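Worksheet: one structure, shown below.
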Ligand SMILES: Cc1ncc(COP(=O)(O)O)c(C=O)c1O
């Protein structure tokens, strides 16, 4: 049975009716199915059983501590992109030795924190970053384990904002420069070369872009071997797609077979960094219809969730499936489902065939990835609550943010005597 299903005409998450969750926790709330997270993780792990990869869940997809803790217990490692995400992994009981650090702008403080935690590897994204990591590691009397994130110039055929392996994107090191940089890295005393890495994009639906990226990377691995640079691992990133509407499922078995074939005669550990694939289907955003209206011929359902809660439709124009919590028979009318934010871009779905009325509950489906983790406080809206379901049990894993909390860091400043608080340029520079 899918984790979200109708029972007696009411949408449930596992064994809990969503209307009950709305009463208990309010709306908008993110609701996650624990069993859906577990089963996506084991589906992924089982598909790659021949190569037994280190699976490093991309924390940016869903960074709730309880979700990370659950994945850590399943044996997952983590892919982080900031010191904040490192802190989350550590607090959730994640294993730093199974953690890789990606991202184009690691600060000195973040590099120091990651070296102190003894992470598995830095995925280095530029020559200057390599030098910075080398210096920090030397100061700490350590050698930083690194891989170069190589940009193989592959078109992943996805939304331009989430295509990261193209020459013109800011990510990675152009593949034609990588060999030279590896040779230089081999001379740096604060650096220990351990691997090679790429991540070509997100919501990739086809096998071909992965094959093209792998061919480019394995070719480089061979050239490195000839120069005496031996790698321990190859990291192919994440990006495996999920079905938001009626897309074909991602060819996971075909990718696993292809990787296994290419790794057959090589002594290289495989690392993968899936995010969306593990958590997208496990989450819905529960919301209430506030009002309906018609402007001319155009119908709107105005809900209490908005682009600050779920930005994917506004940012990427991504399609969004919406389910009524109380089952309804089909309709031939389509409306826009919009939020209360003062932007025309604040829509959750356009021309969506659904009947709504004020007070009705809706579930925005497949939002467990890049939903809450990309939320903001725009329009001074507190962030939604998050609830984790296991069978009949519903557990609040993040409470709804109160406006008072949002204002606290500013009200402190408001009530202080300004005379002693204004920093001169000089004192600021010393910070
Ligand atoms: C370096 C890196 N690895 C992994 C991921 C996860 O991608 P996805 O959630 O599509 O699997 C991302 C997403 O942007 C990323 O930037």
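Laid out as a table, the results:
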quantity	calculated
Test result for residue 230, farther than 30 Å from residue 364 by Cβ, in the same structural domain as residue 192 (by TED's automatic domain parsing), outside any loop (DSSP other than H, G, I, E, B) and modelled with pLDDT of 95 or more	no
Out of 280, 260, sole residue that is modelled with pLDDT of 95 or more and either within 10 Å of the ligand (Cβ to nearest atom) or within 25 Å of the chain's Cα centre (by Cα) (or both)	280
In the range 300-315, the residues that are surrounded by fewer than 19 Cβ atoms within 10 Å (Cβ to Cβ) and either within 15 Å of the chain's Cα centre (by Cα) or closer than 10 Å to residue 374 by Cβ (or both)	315
Residue in the range 9-29 that is under 19 Å from the mean Cα position of the chain (by Cα) and in contact (Cβ under 8 Å) with a residue 24 or more places away in the chain present	yes
In the range 331-353, the residues that are touching a helix residue (DSSP H, G or I) at 6+ places or on another chain (Cβ under 6 Å) and part of a loop (DSSP other than H, G, I, E, B)	345
Tally, over the range 354-375, of residues that are part of a strand (DSSP E or B) and over 14 Å from residue 318 (Cβ atoms)	3
The range 222-241: number of residues that are closer than 17 Å to residue 262 by Cβ and away from the ligand (no atom under 16 Å from the Cβ)	6
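The values are calculated or read from the model by the stated rules, or taken from the named source; none is laboratory data. Because the structure is a prediction, the values reported are computed rather than measured. Every residue, glycine among them, receives a Cβ derived from its backbone with ideal geometry; neighbour counts consider all protein chains shown.
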